[in-house]
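A.B. asks: Have a look at the structure that comes next, please.
The values are calculated or read from the model by the stated rules, or taken from the named source; none is laboratory data. These numbers come from a predicted model, not from an experiment. Note that each Cβ is placed from the backbone with ideal geometry, even for glycine, and that neighbours are counted across all protein chains shown.
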Amino acid sequence: MKPTETKKIFENAQDFLPINGTDYIELYVGNAKQAAHYYMSAFGFQSVAYSGLETGNKEQVSYVLEQDKIRLVLTSPLVKNGLINEHINNHGDGVKVIALWVDDATKAWEETTKRGAKSYFSPEKHEDENGFVIKSGIHTYGDTVHIFIERHAYKGAFLPGYKPFASDYAPAPIGLTYVDHMVGNVEWGKMNTWSEFYAKVMGFTQIVSFDDKDISTEYTALMSKVMSNGNGRIKFPINEPAKGRKKSQIEEYINFYNGAGVQHIAVATDNIIETVSALKSRGVDFLYVPDSYYDTVLDRVGKIDEDLKPLKDLNILIDRDDEGYLLQIFTKPVVSRPTLFFEIIQRKGARSFGKGNFKALFESIEREQKERGTL
Ligand code: FE2
């Protein structure tokens, strides 16, 4: 089985949608207060802002946390029968919003909706004593949305409506620096629909694709296309299930999430050994690959700067491409359903996604699926 990798640039790509980076990721969760505690204590996020009853918001409560360039928003409903309740009921805790930081949220909305995006809301100005922001939004796969945030005229903690929040409880950051990529799982046969959405509607280009021959084990398979914006700061791999002898992990996700949604958030670190040591000591569980992986990994990836022993002790995976190598590891699901998880990644030149690790990784996921009775 020879892996194939195709690189294709869409000829019609234009940077009509310049994006500065990921502005925030908002999760709808059953208990935002406790979720915030988890991301502070286990992942080292710092408290930044808050919205809720104390700020006059009677509908929902949100905690905003940050670590370097990564901003998480955890939101729960305060009332019954609203859209947030419905989202949690359908999907469990999960990502609702991938917010994108732009210089012009009005133009971002106009350019994307005229190319076929379904509007989530048209441009709105929100202001308080710290200035104003312009927000607009469009729908993407499943119930997930993109919100465009224009914040050059705003000096507050997060957005109008939020007050600064500095918890007395503030465990140290663990070295997470920025969002490297966010992966969407979509339904059978929908990978091309959504990769074309990112190409046509948002001007992204396809930087790599993996077929079921690249991403399969003896039992399960999936396919993936990686879409990137013009400056490469936003990368969205889109996965769909593929036929195997047993149930694809993507199908398991779709079943429990009740549709398409964000599968994993990959966050970067400059020192994966320190970061993963801290995460493990704070109670985060990771996928496990057998020790035998480390018997041959250096034959495959060549010389690396790190000693192999701490990588093996922490179960960190290694891969190499034409430009360098990368170190990566995947958590087990961080929510109650087998849906959302995190990837921790340290790039040392490599700009790829760890194709050399897919087989070991998916066999590891299959062991977890077997335990869950969902293989
Ligand atoms: Fe990833």
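A.B. asks: Spot the failing condition for G184; the list is (1) of a type in the set (G, A, S); (2) more than 16 Å from the ligand (Cβ to nearest atom); (3) modelled with pLDDT of 95 or more; (4) under 23 Å from the mean Cα position of the chain (by Cα), and only one is missed.
C.D. replies: (2)
A.B. asks: Tell me the residue from D299, D313 that is among the acidic types (D, E) and at pLDDT below 95, please.
C.D. replies: Result of the check over D299, D313: D299.
A.B. asks: Additional query: Going through the stretch 322-337 one residue at a time, which ones are among the aromatic types (F, W, Y) and touching a Ser or Thr at 6+ places or on another chain (Cβ under 9 Å)?
C.D. replies: F330
A.B. asks: If you don't mind, there's one more thing I want to ask. Read through the list (1) within 15 Å of the ligand (Cβ to nearest atom); (2) farther than 21 Å from K247 by Cβ, then give the number of the only condition that L311 fails.
C.D. replies: The number of the failed condition is (1).
A.B. asks: Enumerate the pairs (first residue in the stretch 285-299 and over 15 Å from F362 (Cα atoms); second residue anywhere and surrounded by 10 or more Cβ atoms within 10 Å (Cβ to Cβ)) with beta-carbon separation below 6 Å, excluding pairs fewer than 6 apart on the same chain, so at least 6 apart or on different chains.
C.D. replies: Listed pairs, sorted by first residue: D285/K332; Y294/K312; V297/I318.
A.B. asks: Could you run through the stretch 351-363 and say how many residues are within 12 Å of the ligand (Cβ to nearest atom) and touching a residue at least 40 places away in the same chain (Cβ under 8 Å)?
C.D. replies: Within the stretch 351-363, residues that are within 12 Å of the ligand (Cβ to nearest atom) and touching a residue at least 40 places away in the same chain (Cβ under 8 Å) number 6.
A.B. asks: A further question on this structure: Within the stretch 228-237, is there a residue that is crowded, with 23+ Cβ neighbours inside 10 Å, in a loop (DSSP other than H, G, I, E, B), within 15 Å of the ligand (Cβ to nearest atom) and in the same structural domain as F197 (by TED's automatic domain parsing)?
C.D. replies: The answer is yes, given that some residue of the stretch 228-237 is crowded, with 23+ Cβ neighbours inside 10 Å, in a loop (DSSP other than H, G, I, E, B), within 15 Å of the ligand (Cβ to nearest atom) and in the same structural domain as F197 (by TED's automatic domain parsing).
A.B. asks: Go over the candidates G131, G137, G142, G184 one by one and state the one that is surrounded by fewer than 15 Cβ atoms within 10 Å (Cβ to Cβ) and either farther than 18 Å from S62 by Cα or in contact with a Pro (Cβ under 8 Å, 6 or more places away or on another chain) (or both).
C.D. replies: None of the other options fit; the residue is G131.
A.B. asks: A further question on this structure: I need a count of the residues in the stretch 191-202 that are farther than 15 Å from H181 by Cα and touching a Ser or Thr at 6+ places or on another chain (Cβ under 9 Å).
C.D. replies: Total meeting the criteria: 6.
A.B. asks: Does the stretch 111-121 contain any residue that is closer than 30 Å to M191 by Cβ, part of a strand (DSSP E or B) and touching a residue at least 40 places away in the same chain (Cβ under 8 Å)? First the steps, then the outcome.
C.D. replies: Step one: filter the stretch 111-121 for residues closer than 30 Å to M191 by Cβ, giving 111-121.
Now restrict to residues that are part of a strand (DSSP E or B): 119-121.
Narrowing the set further to residues that are touching a residue at least 40 places away in the same chain (Cβ under 8 Å) leaves none.
No - not one qualifying residue is present in the stretch 111-121.
A.B. asks: Kindly list the number of the only condition in (1) crowded, with 20+ Cβ neighbours inside 10 Å; (2) more than 15 Å from the ligand (Cβ to nearest atom) that fails for R372.
C.D. replies: Single failed check for R372: (1).
A.B. asks: Could you please give the count of residues in the stretch 317-337 that are more than 14 Å from the ligand (Cβ to nearest atom) and either among the aliphatic types (A, V, I, L, M) or touching a strand residue (DSSP E or B) at 6+ places or on another chain (Cβ under 7 Å) (or both)?
C.D. replies: Count: 8.
A.B. asks: Tell me the residue from A172, A166, A157 that is surrounded by fewer than 20 Cβ atoms within 10 Å (Cβ to Cβ), assigned to a loop (DSSP other than H, G, I, E, B) and modelled with pLDDT under 95, please.
C.D. replies: One residue alone meets the criteria, A166.
A.B. asks: Sort out which residues of the stretch 37-67 are closer than 25 Å to F341 by Cβ and either outside the structural domain of G82 (by TED's automatic domain parsing) or not in a strand (DSSP E or B) (or both), and write them in order of number.
C.D. replies: Within the stretch 37-67, H37, Y38, Y39, M40, S41, A42, F43, G44, F45 meet the criteria.
A.B. asks: I would also like to ask the following. Any chance the stretch 331-342 includes a residue that's buried (at least 18 other Cβ atoms within 10 Å of the Cβ) and more than 16 Å from the chain's Cα centre (by Cα)? Show your work before the answer.
C.D. replies: Here is the first cut: in the stretch 331-342, the residues buried (at least 18 other Cβ atoms within 10 Å of the Cβ) are 331, 333-335, 338-342.
Then keep just the ones that are more than 16 Å from the chain's Cα centre (by Cα); that gives none.
No, there is no match, as no residue in the stretch 331-342 is buried (at least 18 other Cβ atoms within 10 Å of the Cβ) and more than 16 Å from the chain's Cα centre (by Cα).
A.B. asks: Quick test for you: out of I70, I25, I88, pick the one residue that is over 27 Å from S281 (Cβ atoms), in contact with a strand residue (DSSP E or B) (Cβ under 7 Å, 6 or more places away or on another chain) and either outside the structural domain of V334 (by TED's automatic domain parsing) or not charged (D, E, K, R) (or both).
C.D. replies: Numbers: I70 fails: over 27 Å from S281 (Cβ atoms); I25 fails: over 27 Å from S281 (Cβ atoms).
Result: I88 is the single residue among I70, I25, I88 that is over 27 Å from S281 (Cβ atoms), in contact with a strand residue (DSSP E or B) (Cβ under 7 Å, 6 or more places away or on another chain) and either outside the structural domain of V334 (by TED's automatic domain parsing) or not charged (D, E, K, R) (or both).
Matching residues to (1) out of contact with any Ser or Thr (no Cβ under 6 Å at 6 or more places or on another chain); (2) away from the ligand (no atom under 16 Å from the Cβ); (3) within 25 Å of P237 (Cα to Cα):
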{"residue": "I272", "(1), (2), (3)": "yes, no, yes"}
{"residue": "A278", "(1), (2), (3)": "yes, yes, no"}
{"residue": "T339", "(1), (2), (3)": "yes, no, yes"}
{"residue": "G349", "(1), (2), (3)": "yes, yes, yes"}
{"residue": "I365", "(1), (2), (3)": "yes, no, yes"}
